[in-house]
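The values are calculated or read from the model by the stated rules, or taken from the named source; none is laboratory data. All values reported here derive from a predicted model rather than from experimental measurement. With ideal geometry, Cβ positions are generated from the backbone for all residues, glycine too; neighbour counts draw on all protein chains shown. To get the accessible areas, we keep the full protein, side chains included, count just its heavy atoms, and leave off ligands, DNA and RNA. Shrake-Rupley method; radii C 1.70, N 1.55, O 1.52, S 1.80 Å.
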Amino acid sequence: MRITCTVNGQARELDDVWEGESLLYVLRERMGLPGSKNACEQGECGSCTVYLDGETVCSCLVAAGQADGREIRTVEGLSDGERLHPIQQAFVETGAVQCGFCTPGLLVQIEDLLRRTPDPTDLEIREALAGNLCRCTGYEQILEAVRLAAGRIRSTA
Amino acid sequence: MEFLTPMGWDEALAMKADRPDALPLAGGTDVMVELNLTAHRPAALLDLTRIPELRTWSTTANEHIRLGAGVTYRQVIDELADQLPGLAMAARTVGSPQIRNRGTVGGNLGAASPAGDSHPPLLAVGAQIEVSSKTRGSRLIPIDEFFTGVKRNALAPDELIAAAVIPTARGPQQFSKIGTRNAMVIAVCSFALALDAHTEVVGTGIGSAAPTPIRADEAERYLTEVLQGLRLWRRRSPLPESVVRRFAELVAEAAAPIDDVRGTAVYRRHALSVLARRTLTWAWDEYWATGQSAA
Ligand SMILES: Cc1cc2nc3c(=O)[nH]c(=O)nc-3n(C[C@H](O)[C@H](O)[C@H](O)COP(=O)(O)OP(=O)(O)OC[C@H]3O[C@@H](n4cnc5c(N)ncnc54)[C@H](O)[C@@H]3O)c2cc1C
Ligand code: FES
Ligand code: FES
């Protein structure tokens, strides 16, 4: 089937998409956007998190046909050209990235959190990130990155 | 595999009548896991996410909420926590934010898992499930008759779930679930309680402790009689400990749990009695301490 959608502000059109494949597969294998990661394909790890019409979802659980006509934003859409998003910058500075596999999904989910809750408590951060697994960092540096980024975003807002 | 994309409810029913073998697809949080991880391929997918009617809820003339099958957990939490507190509590325990943004109550009913978290609160308030087909129109199935077996429900092959029709809360409601961590767990067992201060009736729902979600009939009857008999609704005094204990015993006895990877039958029964005791204590404390109006 043919899929037309907007990805990171750009109109995209694809032919011969298998209707049962996931949006994650479409992004990675057909659109050359490998930022969103594939680790479980069952909604458990959050490494494939993207915005679908403004809400964060596991792209591995969205059928390609469901994304037709929708607006998608991926981790590739976070930075402003070469300038990192404040959350990305905070991840670099606090050592919140080790192997980096969980990072893209976390960045998208954290951006959503900070847009809704600019000054989140630790509990709010933990709840927002409950669906994003990290095997490496033990989460402390990730929490630190969220606090750092939140402060910076608030002070420039 | 075909991909059917009805843009409205009537079109969806017509497609389902034509293709009873088409698998409805809502948030995909059950369906896509199966497609991604198994070789099973339905003949067709019937995408329900473009049907505006399914995504909304409304209040009916007799104070019920008609919750469209495509309403997400996120919407229930954000928009219905006051009218449907038990369901909203259960919704907060589902998966992760990403799953709650996408997963729907209709999908939970469609999957009909004994562990589905929306089921106990729907049982506790006596919800009805509105299902429709092209040829026979709509019918309301009482929630007690909706679950017919493990992951089976009362839908005919040409029917779709339109909505859940749910009485709004008229007293404290609680939901509690046991799992290995706070988020992202399938319930080892779960329990919902609804106190109706208007009719002075108690409702319950048990999850993950029988082949289907069930009510604890005996426990409901016992507590309803005791609360009325001792005139506790009027007196608004604390519950005697013996009443709480007996209620918890009856809830545990109502279950028919099994041993599986998440827990043993013995553990489940014990855990249920703890959940019953806790939720009753919380709900009754809320009732008598805050002096919530019975009207
Ligand atoms: C990581 C993860 C965590 C989860 N955690 C929980 C949890 O904590 N608690 C819980 O209860 N569930 C949980 N689930 C399961 C799932 O999210 C829920 O069952 C959810 O409610 C399914 O809704 P959906 O819209 O995604 O359904 P879908 O996957 O789209 O559909 C589910 C089933 O319902 C049928 N269906 C959907 N809509 C209709 C309709 N209108 N009419 C007829 N049939 C229909 C489909 O054909 C399918 O059989 C989890 C899933 C994942 C992936
Ligand atoms: S790959 Fe989608 S949640 Fe893990
Ligand atoms: S940095 Fe390796 S999984 Fe998170």
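What to note about this one:
- Percentage relative contact order, the range B:144-257, counting C-alpha pairs under 8 Å, at least six apart: 20 percent
- Farthest toward positive dipole pole in the protein assembly as shown [+1 Lys/Arg, -1 Asp/Glu at C-beta], among B:173, B:40, B:70: B:173
- Area of residue B:196 that stays accessible when all protein chains are in place (1.4 Å probe, Å², to 10): 30 Å²
- 1.4 Å probe, heavy atoms, protein only - residues of the range B:48-76 losing at least 40 Å² accessible area vs chain alone: B:50, B:74
- Other residues whose C-beta falls under 11 angstrom from the C-beta of residue B:104 contribute a net charge of +3, scoring Lys and Arg +1 and Asp and Glu -1.
- Couplings for the range B:85-92, taken from phi via the Karplus curve 6.51 cos²θ - 1.76 cosθ + 1.60 with θ = phi - 60°, read x, x, 5, 5, 4, 5, 4, 5 Hz in order; Gly and Pro are left as x.
- Point-charge dipole on Cβ atoms (K/R +1, D/E -1) for chain A, about Cα centre, debye to 20: 320 debye
- Accessible area expressed per residue, the protein assembly as shown, with surrounding protein chains retained (probe 1.4 Å, Å²): 43 Å²
- To the nearest ten degrees, helix A:103-116 and the longest principal axis of the Cα atoms of chain A are 70 degrees apart.
- Cβ-based net charge around residue B:231, under 13 Å, with every Lys or Arg adding one and every Asp or Glu removing one: +1
- Comparing the full protein assembly with the isolated chain, the residues of the range B:1-29 losing at least 50 square angstrom of accessible surface (1.4 Å probe) are B:1, B:3.
- Sorting A:112, A:122 on solvent-accessible area from highest to lowest, probe radius 1.4 Å, gives A:122, A:112.
- Farthest towards the positive end of the charge dipole of the protein assembly as shown, among the residues B:86, A:50, A:14, is the Cα of B:86, using unit charges on the Cβ of Lys, Arg, Asp and Glu.
- Accessible surface of chain A, 1.4 Å probe, proportion on carbon and sulfur as whole %: 46 percent
- Surface composition of the range B:43-189: carbon and sulfur make up 51 percent of the accessible area, probe 1.4 Å.
- Residues whose amide H falls under 5 Å from that of residue B:171, counting only those 5 or more places apart or on a different chain, are B:197, with hydrogens built in the peptide plane.
- Using alpha-carbon coordinates, inclination of helix B:217-229 to the longest axis of chain B, degrees: 40 degrees
- Other residues lying with their Cβ under 13 Å from the Cβ of residue B:72 contribute a combined charge of +1, Lys and Arg counting +1, Asp and Glu -1.
- Charge dipole (debye, nearest 20) of the range A:3-77; +1 at Cβ of Lys and Arg, -1 at Cβ of Asp and Glu: 260 debye
- Chains A and B together, accessible area buried on both sides, 1.4 angstrom probe, square angstrom: 2400 Å²
- If only the Cβ of Lys and Arg carry +1 and only the Cβ of Asp and Glu carry -1, the dipole of the range B:75-159 around its Cα centre is close to 280 debye.
- Amide H contacts for residue B:127 (H built 1.01 Å from N in the peptide plane; partners 5 or more residues away or on another chain; cut-off under 5 Å): B:143.
- Residue-averaged 222 nm ellipticity for chain B, from DSSP H runs of 4+ at -39500 (n - 2.57), nearest 500: -11000 deg cm²/dmol
- Cut-off under 5 Å, modelled amide H: who pairs with residue B:57 long-range: B:68
- Residue B:224 exposes around 20 Å² of accessible area when a 1.4 Å probe is run over every protein chain in place.
- Selected from A:33, A:23, A:84 as most flexible by GNM, with chain A as the system and alpha-carbon contacts under 10 Å: A:84
- B:138, A:22, reordered so the largest accessible area comes first (probe 1.4 Å): B:138, A:22
- When the surface is traced with a 1.4 Å probe over the full set of protein chains, residue A:2 keeps roughly 130 Å² accessible.
- Relative to the dominant Cα principal axis of chain B, helix B:241-254 is inclined by about 30°.
- Sorting A:41, B:34, B:63 by solvent-accessible area of protein heavy atoms yields B:63, B:34, A:41, largest first, with a 1.4 Å probe.
- In Å, descending, principal axis extents of the Cα set of the protein assembly as shown: 72, 55, 43
- Residues of the range B:80-115 buried by at least 50 Å² on assembly (accessible area, 1.4 Å probe, chain alone as reference): B:97, B:98, B:101, B:102
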